[in-house]
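Reading through the C-alpha cells given below for one structure.
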Amino acid sequence: MTSQFWMRKAVSACVTVAIITTTSMVALAAPGRIAAELTVSGKSWNGNAPVVFVNGEESKSGRSIFSSSTIATPEETSALVSIGKTGRIQLEPSSSLGLVFDDTSVDAELTSGTLTVLGSLGTVRVRTNDGKTTTLAAGESISASGETQGKQQTRKGSDNWWIWVLVAAGVGVAVIVAVSQSSDDNSVVSPNR
C-alpha cells in the first residue's frame, strides 16, 4: 500500500512537471516584437564613437530599434537601419525620420534630410513634408521635400562579362596542367580488391 502511494505521488509529480514545461514552451514560442539594428557611421565632434538620436537618446551602433521610433542624425553622421528581411534604410547626415515597421512593410515619415532604401523585400513607403507618400524600391532615394532620385544602379548586366570568361578559362587551363603533371605514374589503383 505504501509503495503504491509513493508511486502515485511520483507519477503525478512527473505529469505536473511535464504540463508546466510544455505550457511555458508554448508561451515562450509566441512571436515577439520585431527589432531593427542600428549602424552608425561618420564623425563625432568630441572624438568618441559617432552617435545618432533614437527617441531623443544618444545611440551607437548595435542598438535595437523597435517600431514607432524616431531617429535623428547630426551633421557628419549617417545611420543604417537594418530591419531583418523587410529592408535596409540609410539616413544621410542632418536627417530626421519617424519609423513604423513590421514583417512585410516599412512606413516612414521623413521630416528632414535624405533617406535611401539600400535593400528591400517588403514595401517601403515614405511620407515627406509635402504631404505625399511615395513607395520606394531598392536603390531609390527621397529628400524631405519630396524630391526622389532614381536607382543608384540602373544597369542589370555588365559590359565586362569577358573578364569572367578569361578567369574561367585560366582556371580550366590550371586544372588541366595540374592533372597532367601529377599523372606521371601509370599504375591504376582499383577500388575493389
Q) Which ones in segment 64-118 are outside any strand (DSSP E or B) and β-branched (Val, Ile, Thr)? A) Thr73, Thr86, Thr104
Q. What are the pairs, 6+ residues apart or on separate chains, where a residue within segment 125-147 that is in contact (Cβ under 8 Å) with a residue 24 or more places away in the chain has its Cβ under 7 Å from a residue that is exposed (fewer than 15 other Cβ atoms within 10 Å of the Cβ) and assigned to a loop (DSSP other than H, G, I, E, B)?
A. Glu140/Gly150; Glu140/Lys151; Ala144/Asn129
Q. Would you say Ser61 is outside any loop (DSSP other than H, G, I, E, B), in contact with a strand residue (DSSP E or B) (Cβ under 9 Å, 6 or more places away or on another chain) and among the polar types (S, T, N, Q)?
A. no
Q | Positions within segment 78-116 being modelled with pLDDT under 90 and surrounded by fewer than 20 Cβ atoms within 10 Å (Cβ to Cβ), in sequence order | A | Gly84, Lys85, Asp102, Asp103, Thr104, Ser105
Q.
I'm trying to understand the selection: among the residues of segment 57-77, which are farther than 20 Å from Glu109 by Cβ, more than 13 Å from the chain's Cα centre (by Cα), surrounded by fewer than 14 Cβ atoms within 10 Å (Cβ to Cβ) and of a type in the set (S, T, N, Q)?
A. none
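The values are calculated or read from the model by the stated rules, or taken from the named source; none is laboratory data. Just so it is clear, the structure is predicted and the values come from calculations on it, not from any experiment. When we count neighbours, we look across all protein chains shown, and the Cβ atoms used for this are built from the backbone with ideal geometry, even at glycine.
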